[in-house]
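*Asks:* After the C-alpha cells below, expect a handful of questions from me.
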Amino acid sequence: MPTLLPHSLLEQRLRQAVLQVLPDARPDGVKVRPCPDPKHGDYQCAALIGLAKEARKNPRELAAAVSAAYAALRAGSGEEGVEAGLQIEIAGPGFLNFRLAPEALLSAVLDASASRFLEPAAAPRTVVVDFSSPNVAKPMHVGHIRSTALGDCLSRVLRALGHRVITDNHLGDWGTQFGKLIVGWKRHLHRDALERDPIAELERLYKLENAAGEADPARLDQARQELVALQAGDPENLAIWREMIRLSQAQFDALYGRLGVTFDHTLGESFYNPQLPGVVESLVSRGIARESEGAVAVFSDHTLPAKEDPFLVHRDGAWADDPALVRKSDGGFNYTTTDLATLEYRIRTWAPEEILYVVDDRQAPHFRKLFQIFRRWQPEAEARTVLRHIGFGKILGDDGKPFKTRSGDTVRLAELLDEAVERARKLVDEKRPELPPETRGEIARIVGTGAVKYQDLLPNRQSDYIFSWDKMLALTGNTSPYLQYQCTRARKVVADGGAVDIAALRGVTPTEPAEVALLKHLLLYGLTLESVAAECRPNYLCNYLYDLAGHYSRFYESCPVLKAPEPVRSLRLALCGFTARVLSHGLGLLGIESPELM
RNA sequence: GCACCGGUAGCUCAAUUGGAUAGAGCUUCUGACUUCGGAUCAGAAGGUUGCAGGUUCGAGUCCUGCCCGGUGCACCA
C-alpha cells in the first residue's frame, strides 16, 4: 500500500468519524485541506458546517461530536504514526483545525520522500491528450506554444499520478490548402530553396498561389482541380503531398526535440479521410444530419434551452439555425467530420475515460457542437467518456495586441527559441564568466527554453498574457530562472554536505519555524498535482514551486546547515535534498530541465 | 444582436473552486551580511476585487441586471 500523505490520512479517519455521528451523510464532500493561515493549524476541514445545516444541528456541537468520534477511532486503531501528538480544535462557526506534532510532520515527510511526495491515483484513468496539432507546409509559430506547453505538461502530470496517458498530435495534413500548394509546387518550385529551408519555400509557394487565386479565378479553379485529383488518389499529387509531409515532419521533430516534447501517436487528419463518407452516411441514416443548401448539416434537436443550444444563434431579434456542416456543397468534408471520425477511432481503439482537447478558446463553439453531435450519434460511447475542451487565451505583445514581429509577421517558434537562448546566454556570460563556454551554452539552452515555457504556464490558461523577454528571464520573482537557481543552490549544499542517514532522523524534533514551514509545504506537492490534473491548470504547480522556493530561501537564510551540530545538521541537509528533488521533479512536470550549475 | 472568456494594488499576475485578516513579483523607500552559492533575505508603502442588488454562518469566487475589453457566430481549421 502506498504511503498516504497527512491530509489523506486525516481525511479517511474524519470521514469514518462523520459517518458515526451522521450515518446518512455523504462523506465525499468532507475534505481535509491545508490551513491558509498557519496560526489556525496545519490542516482544516470546513465541511462540517454545511453538514450541520443539512442535518439541522448546531455546527459547533456537531464539530465537537465528530471530534470526539475521531478521538475514539484513533485510540482504537492502536497505531499512532502521523497522528502522534495530533491536536484537533474547533474554531469559528465550526471549522475543525488539525495541528500535527513537529516530529510527526518530519516523519510524514520522511515517508513521503520514499514515494516522490505524491500519491498514485486511487482509480487510474486512460486519458487521451490531443495537443499541438501544427499544420503541414507551414512554420510552427508563437501560436503553437500554448497548446504544446500545456498539453505536454498535463500529460506529464497525469502520468506522474499513475494515469495511462495517450498523447496524439492531430496534424493538419489534409484539406483545401493542398490544392494551392500543389499548383505552386508544379509552377514555381525552387529546388535549391527547398533544400535550404523547406518550410520557407512551401510557405512562399502558398502565399504566391493564394495571391494569384485572389486575382484570377481561373487559378483558384486550378487549385480546386488539383485538390480533387489528390483526393482521388492521383499518383503525382500524392507524391508531392507525401514529400511536403516528410519535410514538415522533419521541422516538427527538430522543434519538439528542442522542447523535449514527445507524442505516442501522430495521426493527422489524412489518417481519417477514408472514414469520412461513412460518418456522414451514418449521421444521415440516423436522422442526425440532413441536406441543406446543397451541403449536409446537423441542426438543433431542440433538447436544450435556446441560450445553451450550440446549434442556435440569436440574429435580427430571433433565434436562427447555426448548423454544423459535415459535408460541403462541393462534396468535400470539413473538420467537424474529421473530428467525429477521430473521436470514434480514439474511443474504439483506446477506450479512454477522458479525452482532452488542448485547443485555443476561440474554437469553443466548435467543440460544443462536436460533443453534442457525438452524444446524439453514439450515446453509449459518449456516456462512458468525458470530453473536455481545454481552452486558452492569446499571447499579446507589450502593446496589448497579438504578439508579432516589428514588421508585423507572425513570430516563428524556432526563432523565438533562438532568441530566448541567446538572451539567456548573455545573462550567463555576465554572471558566470569563469565557466567554460560549452557549459555556459548548455545552461543558456536550458534556461532560455525553460523561461519561454514557464511564462506560458504561469498565468491562468484562459486569460491572454503579455509576452515579455525581460520578465520571463528575470532572476527574481516568479520565473523559471529563479526556480532553477534555487534548485542548483540546494543541490550544491547537498553535494557539500555528504550522505545523510534518513532513517536516523526519525524522532528528531524540528524546532525552527522555517524548518516546520518547509516540511509542511513539501507535504502539499501531491495535493497540488491532483488539482493540476483535475482542473487542467499547470499554473497551480508553478505557484506551488515558487512558494516552495520561497520557503526554502527563508529556511536557508535563517538556519545554518553545514555548520549546525548533529542531528540538526542531518535534518537540514535532508530538507535541502528534499527541496531540490521536488523542485527539479516539479520543473520536469512542467517540461523544464534543471541545470546542474547556473 | 446573441453567446463564450476576461475585468483584482501604479504595472504584470495569484488566490487550494464557497472559507477565517484578498497574496506575490516589478517599481519606490528602509534595512540585514567579514556569503554553508548575494542570481539572497527581512520590513514599509500600495485595495470599495468594474458597478448595483441577491443567496448564507461566510462571496473575488454562486444567482440577476448593467458597464468596459477580447473572441466567435454556414461550406477555413
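*Asks:* Which one of A:THR148, A:ASN460, A:ALA104 has its Cα pushed farthest toward the positive end of the charge dipole of chain A, where Lys and Arg give +1 and Asp and Glu give -1 at the Cβ?
*Replies:* Of the listed residues, the answer is A:ALA104.
*Asks:* Taking a ≥ b ≥ c as the square roots of the Cα gyration tensor eigenvalues, with a/c under 1.5 meaning rounded and otherwise prolate when a/b beats b/c, else oblate, which class fits region A:177-261?
*Replies:* Details: a/c = 2.21, a/b = 1.65, b/c = 1.34.
Because a/c hits 1.5 or more and a/b exceeds b/c, region A:177-261 counts as prolate.
*Asks:* What is the angle, in °, between the Cα long axis of helix A:276-285 and the longest principal axis of the Cα atoms in chain A? Nearest 10 is fine, range 0 to 90.
*Replies:* Between helix and principal axis, roughly 90 degrees.
*Asks:* Report the FRET efficiency, 1/(1 + (r/R0)^6), for A:ASP24 and A:ASN135, where r is their Cβ-Cβ distance and R0 is 56 Å, rounded to 0.05.
*Replies:* Efficiency for this residue pair is about 0.50.
*Asks:* Follow-up. Multiply the residue separation of A:GLU434 and A:THR511 by 0.36 nm, subtract the distance between their alpha-carbon atoms, and state the gained length in nm to one decimal.
*Replies:* Working: separation 77, 0.36 × 77 = 27.72 nm, distance 3.94 nm.
Residue separation times 0.36 nm, minus the Cα-Cα distance, leaves 23.8 nm.
*Asks:* Report ³J(HN,Hα) in whole Hz for each residue of region A:305-318, in order, from the Karplus equation J = 6.51 cos²θ - 1.76 cosθ + 1.60 where θ = phi - 60°; Gly and Pro get x.
*Replies:* Karplus-based 3J(HN,Hα) across region A:305-318 equals x, 3, 5, 9, 7, x, 9, 10, 9, 8, 9, 6, x, 9 Hz.
*Asks:* Oh, and also: What list do you get for A:TYR70, A:TYR335, A:TYR552 if you sort them by fewest beta carbons within 10 Å?
*Replies:* In increasing order of surrounding Cβ atoms, one gets A:TYR335, A:TYR70, A:TYR552.
*Asks:* Please compute the net charge surrounding A:ALA84, taking Lys and Arg as +1 and Asp and Glu as -1 over other residues with Cβ under 11 Å from its Cβ.
*Replies:* Charge balance in the 11 Å sphere: -3.
*Asks:* Using +1 at the Cβ of each Lys and Arg and -1 at the Cβ of each Asp and Glu in chain A, identify which of A:ALA232, A:ALA215, A:SER558 lies farthest towards the dipole's positive end.
*Replies:* A:SER558
*Asks:* So if I place +1 on the C-beta of Lys and Arg and -1 on the C-beta of Asp and Glu, and nothing else carries charge, what would the dipole magnitude of region A:6-100 be about its Cα centre? I want it in debye, nearest 20.
*Replies:* 280
*Asks:* Still on this structure, I have one more. What spacing in nm lies between the two simple spin-label points modelled at A:ARG33 and A:PHE299, each 7 Å away from Cα in the Cβ direction?
*Replies:* Here the answer is 4.6 nm between the modelled labels.
*Asks:* If you don't mind, another one. Count the net charge of all other residues whose Cβ sits under 11 Å from the Cβ of A:ALA108, scoring Lys and Arg as +1 and Asp and Glu as -1. Please report the intermediate quantities before stating the final value.
*Replies:* Numbers: positive: A:LYS520; negative: A:ASP42, A:GLU83, A:GLU103, A:ASP111.
After counting each charged neighbour, the total is -3.
*Asks:* Still on this model: Could you work out the relative contact order of region A:409-556, using alpha carbon pairs under 8 angstrom and six or more residues apart, expressed as a whole percent?
*Replies:* 21
*Asks:* To continue, here is another question. Using the Cβ atoms and a cut-off under 14 Å, what net charge is assigned to the surroundings of A:TRP350, where Lys and Arg are +1 and Asp and Glu are -1?
*Replies:* Neighbourhood net charge equals -1.
*Asks:* Another question, if that's okay. Apply the a/c threshold of 1.5 to the C-alpha gyration tensor of chain A and tell me whether it is rounded, prolate or oblate.
*Replies:* Working: a/c = 2.73, a/b = 1.48, b/c = 1.85.
Verdict is oblate for chain A.
*Asks:* Still on this structure: What are the residues whose amide H is under 5 Å from the amide H of A:GLN44, where those residues sit 5 or more places off or on another chain and H is modelled from the backbone?
*Replies:* A:ARG33, A:CYS35, A:PHE98
*Asks:* Something else now. Give, in nm to one decimal, the length gained when the segment between A:ARG384 and A:ARG125 is fully stretched (0.36 nm per residue of separation minus the Cα-Cα distance). Walk me through the numbers before you get to the answer.
*Replies:* On the way: separation 259, 0.36 × 259 = 93.24 nm, distance 1.18 nm.
92.1 nm is the gain from fully extending A:ARG384 to A:ARG125.
*Asks:* As I understand it, the value is the acute angle between the Cα axis of helix A:6-21 and the longest principal axis of the Cα atoms of chain A; what does it come to in degrees, rounded to 10?
*Replies:* 80
*Asks:* Relative to the present Cα-Cα distance, how much length would full extension add between A:SER329 and A:ASN543 at 0.36 nm per residue of separation?
*Replies:* 72.0 nm
*Asks:* Also: Between A:ALA55 and A:SER282, what is the FRET efficiency for a Förster distance of 41 Å, r being their Cβ-Cβ separation, to the nearest 0.05?
*Replies:* 0.20
*Asks:* Add -39500 (n - 2.57) for each DSSP H run of 4 or more in chain A, then divide by its residues: what number comes out at 222 nm, to the nearest 500 deg cm²/dmol?
*Replies:* Estimated from H runs of four or more residues: -17500 deg cm²/dmol.
*Asks:* Going through the cross-link list A:LYS138/A:LYS426; A:LYS431/A:LYS492; A:LYS31/A:LYS53; A:LYS369/A:LYS453; A:LYS31/A:LYS520; A:LYS186/A:LYS207, which pairs have a Cα-Cα distance over 20 Å in this structure?
*Replies:* A:LYS138/A:LYS426; A:LYS369/A:LYS453
*Asks:* How high is the relative contact order of region A:6-100, in percent, counting Cα pairs under 8 Å that sit 6 or more residues apart?
*Replies:* 31
*Asks:* How would region A:413-589 be classified by its alpha-carbon gyration tensor: rounded, prolate or oblate, with rounded meaning a/c under 1.5 and the a/b versus b/c comparison settling the rest? Please report the intermediate quantities before stating the final value.
*Replies:* Working: a/c = 2.58, a/b = 1.43, b/c = 1.81.
Taking the square roots of the gyration eigenvalues as a ≥ b ≥ c, region A:413-589 is oblate.
*Asks:* Measuring from a point 7 Å past the Cα of A:ASP216 along Cα-to-C-beta, which residues in region A:164-202 have an amide N at less than 16 Å?
*Replies:* A:180-189
*Asks:* OK, next. Quick one: Cα centre-to-centre distance for region A:66-109 and region A:473-516, in angstrom?
*Replies:* The two parts, judged by their Cα centres, are 28 Å apart.
*Asks:* If r is the Cβ-Cβ distance from A:LEU73 to A:ARG406 and R0 is 56 Å, what FRET efficiency results, to the nearest 0.05?
*Replies:* Numbers: r = 67 Å, r/R0 = 1.20.
Calculated transfer efficiency: 0.25.
*Asks:* Using Cα pairs under 8 angstrom and six or more residues apart, how large is the relative contact order of chain A, in percent?
*Replies:* Relative CO of chain A lands at 15 percent.
*Asks:* Turning to a different aspect of this structure: Going by amide H atoms built from the backbone, whose H comes under 5 Å of the H on A:ILE390, apart from near neighbours?
*Replies:* Amide H neighbours of A:ILE390: A:TYR357, A:VAL358, A:VAL359.
No value in this document is a laboratory result; all are computed from the given coordinates. Quick caveat, the model's predicted, so the values are computed rather than measured. With ideal geometry, Cβ positions are generated from the backbone for all residues, glycine too; neighbour counts draw on all protein chains shown.
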